[in-house]
Amino acid sequence: QVQFVESGGGLVQPGGSLRLSCAASGSISSIYGMSWYRQAPGKQREFVAGFTSGGSTNYGDSVKGRFTISRDNAKKTVYLQMNSLKPEDTAVYYCNARGFYFSPWGQGTQVTVSS
């Protein structure tokens with residue numbers, strides 16, 4: 001039984017920054033496969049950022065250069081630093097594991113970028 005809890009979302013103006021957190025608990029033994037996703041109203045969930053099995057990072061084209069994924073292995077927490085936010089970044093952001101530890105989607109955290 002693995003649980004992921006997202007936090008840190010909120011309302012921010014264009015050009016602003018937010019830092020999201022994803023705390024993992026339960027039987028998960030590694031957060032190296034963790035990724036961030038987002039879903040805007042009327043759109044499919046899309047990949048935002050994630051770690052590969054080798055510890056490298058991948059980013060969706062729309063967020064490259066603006067978002068940074070990081071982790072604290074001791075805390076089993078993954079972060080998403082979001083800079084230079086744009087209105088099109090508005091979405092519910094979710095974290096999840098790829099592959100073996102993939103879990104049901106939680107409630108996510110709402111990010112709204114608006115002036």
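The values are calculated or read from the model by the stated rules, or taken from the named source; none is laboratory data. These numbers come from a predicted model, not from an experiment. Every residue, glycine as well, gets a Cβ built from its backbone with ideal geometry; the counts of neighbours run over all protein chains shown. To get the accessible areas, we keep the full protein, side chains included, count just its heavy atoms, and leave off ligands, DNA and RNA. Shrake-Rupley method; radii C 1.70, N 1.55, O 1.52, S 1.80 Å.
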Which members of region 58-77 meet the condition of being in a strand (DSSP E or B) and open to solvent by 60 Å² or more (accessible area, probe 1.4 Å)?
-> ASN58, THR68, ARG71
Given the conditions (1) in contact (Cβ under 8 Å) with a residue 60 or more places away in the chain; (2) open to solvent by 60 Å² or more (accessible area, probe 1.4 Å); (3) assigned to a loop (DSSP other than H, G, I, E, B), which single one is not true for VAL5?
-> (3)
Failed item in (1) touching a helix residue (DSSP H, G or I) at 6+ places or on another chain (Cβ under 8 Å); (2) surrounded by fewer than 12 Cβ atoms within 10 Å (Cβ to Cβ), with GLY33 passing the rest | (2)
Of all residues in region 44-57, which are open to solvent by 70 Å² or more (accessible area, probe 1.4 Å) and under 19 Å from GLY9 (Cα atoms)?
-> ARG45, GLU46, PHE47
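Residues are listed down the side, and each one gets a yes or a no for (1) at pLDDT 95 or above; (2) under 20 Å from PRO41 (Cα atoms):
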site	(1), (2)
SER62	yes, yes
SER70	yes, no
ALA74	no, no
LYS86	yes, yes
VAL92	yes, yes
ARG98	no, no
Of all residues in region 78-110, which are part of a strand (DSSP E or B) and either within 18 Å of TYR59 (Cα to Cα) or of a type in the set (D, E, K, R) (or both)?
-> VAL78, TYR79, LEU80, GLN81, MET82, ALA91, VAL92, TYR93, TYR94, CYS95, ASN96, ALA97
